[in-house]
Amino acid sequence: MPVVSTKDILDRAFEQRYGVAAINIVNDLTLEAVLAAAVEAKAPVIIQTSVKTVKSIGLDLLFAMWTELTRDISVPVALHLDHCPERDVISACLKKGWNSVLFDASSLPVAENRRQTIEVVAEARQYGASVEGEIEGIKGVEDDVGSDEESNRQSLDIALDFIRSTHVDCFAPAIGNAHGVYKTAPKLDAERVTAIVEAEPIPIALHGGTGLTPEQFADLIARGCAKVNISTALKVTYMKSNLAFLKEAEAKNKWDPPSLFKHVRQSVLDMAKGYMLQFGSGGRAW
Ligand code: 13P
């Protein structure tokens, strides 16, 4: 079961109330390690790319890495473009073969956001791709996109109208969650997830996964957060495992790049697999 639609992955998870890890990768090593984690856990997984990663690696090379690494994969996987306010990058990724995009027009007035999201959904449908939408900025800057200011939450009626009029496949509400490392324990408005899902059964994207507790994950997944975004944990794991290995290499004066790659890959794999099992997606591959 190689590459499938993001909607297929999320609709199943939503119906069966487990969470799919949607993990931001930064290069070939982290892409391969997260895919290997999904294979070990027998879990569906969503691989996310930020606009920054798309631009730094390059669309063609990044997609070639994805195609090669998923060619014979045994679990359902999908490629997703995370927070993207740039319509030309959305179009380029959809055309290339990304399975879904998060059109982030949260800085625009809701009416203009809705108008453009309808266009993005129509564009995505031409390629069989899915769209995640949002009407409030998720607090915290994620790979240069976003703001540290918490944006105003919209009313339930406005959120439902946005979901129904745009036909997005997944919705990302602000519930007190934030990208990056939480400075204090977040107070989450989990009831907001329930209110949306009860009125409109749509898979909810939980942003700012790094730093939430197992209890918060379990509660939010049970309420309908089928997509659980993890980015900071991968960056921290990647950097710290490099650092630890390099400190030891320096102490021993032993410099072997393949050993470094092996060490870092294992750390990223363990981190990713841990989340997949925690979210209940282990063994859910079909
Ligand atoms: P974290 O960086 O807090 O894990 O959040 C990831 C995210 O929501 C990506 O959109």
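Run Thr213 past the list (1) closer than 18 Å to Ser106 by Cβ; (2) within 16 Å of the ligand (Cβ to nearest atom); (3) not charged (D, E, K, R) and report the number of the one that doesn't hold. Unmet for Thr213, out of (1) closer than 18 Å to Ser106 by Cβ; (2) within 16 Å of the ligand (Cβ to nearest atom); (3) not charged (D, E, K, R): (1). A residue that is in contact with a helix residue (DSSP H, G or I) (Cβ under 7 Å, 6 or more places away or on another chain), away from the ligand (no atom under 16 Å from the Cβ) and either part of a loop (DSSP other than H, G, I, E, B) or at pLDDT 90 or above (or both) occurs somewhere in the stretch 147-154. Summed over the stretch 207-233, residues that are closer than 21 Å to Pro44 by Cβ and open to solvent by 50 Å² or more (accessible area, probe 1.4 Å) total 4. The condition (being in contact (Cβ under 8 Å) with a residue 60 or more places away in the chain and open to solvent by 10 Å² or more (accessible area, probe 1.4 Å)) is satisfied by just one residue among Asp143, Asp161, Asp148: Asp143. If I ask for residues that are open to solvent by less than 30 Å² (accessible area, probe 1.4 Å) and either of a type in the set (A, V, I, L, M) or touching a residue at least 60 places away in the same chain (Cβ under 8 Å) (or both), which ones from the stretch 118-133 would you list? Answer for the stretch 118-133, where residues must be open to solvent by less than 30 Å² (accessible area, probe 1.4 Å) and either of a type in the set (A, V, I, L, M) or touching a residue at least 60 places away in the same chain (Cβ under 8 Å) (or both): Val120, Val121, Ala124, Ala129, Ser130, Val131, Glu132. Quick one: would you say Val181 is within 16 Å of the ligand (Cβ to nearest atom), touching a residue at least 12 places away in the same chain (Cβ under 8 Å) and open to solvent by 60 Å² or more (accessible area, probe 1.4 Å)? Yes: the conditions hold for Val181.
Criterion applied to Val236, Val197 was being more than 12 Å from the ligand (Cβ to nearest atom) and either open to solvent by less than 10 Å² (accessible area, probe 1.4 Å) or without any contact (Cβ under 8 Å) to a residue 60 or more places away in the chain (or both), and the one residue passing it is Val197. Note on the stretch 1-96: enclosed helices (runs of 4 or more DSSP H) holding 2 or more residues that are aromatic (Phe, Trp, Tyr) and either closer than 18 Å to Ile221 by Cβ or open to solvent by less than 60 Å² (accessible area, probe 1.4 Å) (or both) are 59-70. Which one of these is closer than 30 Å to Asp104 by Cα and either hydrophobic (A, V, I, L, M, F, W, C) or modelled with pLDDT of 95 or more (or both): Ala249, Ala244, Ala285? Residue meeting the stated conditions: Ala285. Could you list, in sequence order, the residues of the stretch 184-194 that are within 16 Å of the ligand (Cβ to nearest atom) and surrounded by 17 or more Cβ atoms within 10 Å (Cβ to Cβ)? Listed by number, the residues that qualify are Pro186, Leu188, Val193.
Put simply, of Ala222, Ala172, Ala205, Ala226 the only residue that is touching a residue at least 60 places away in the same chain (Cβ under 8 Å) and touching a His at 6+ places or on another chain (Cβ under 7 Å) is Ala172.
Remark: Pro173 matches the filter, which requires a residue to be modelled with pLDDT of 95 or more, within 15 Å of the ligand (Cβ to nearest atom), part of a loop (DSSP other than H, G, I, E, B) and not charged (D, E, K, R).
The values are calculated or read from the model by the stated rules, or taken from the named source; none is laboratory data. Worth saying up front: this structure is predicted, and the values here are computed from it rather than measured. Positions of Cβ are backbone-derived with ideal geometry, glycine not excepted, and every protein chain shown enters the neighbour counts. Quick note on the areas: whole protein, heavy atoms, side chains included, nothing else; ligands and nucleic acids left out. Shrake-Rupley method; radii C 1.70, N 1.55, O 1.52, S 1.80 Å.
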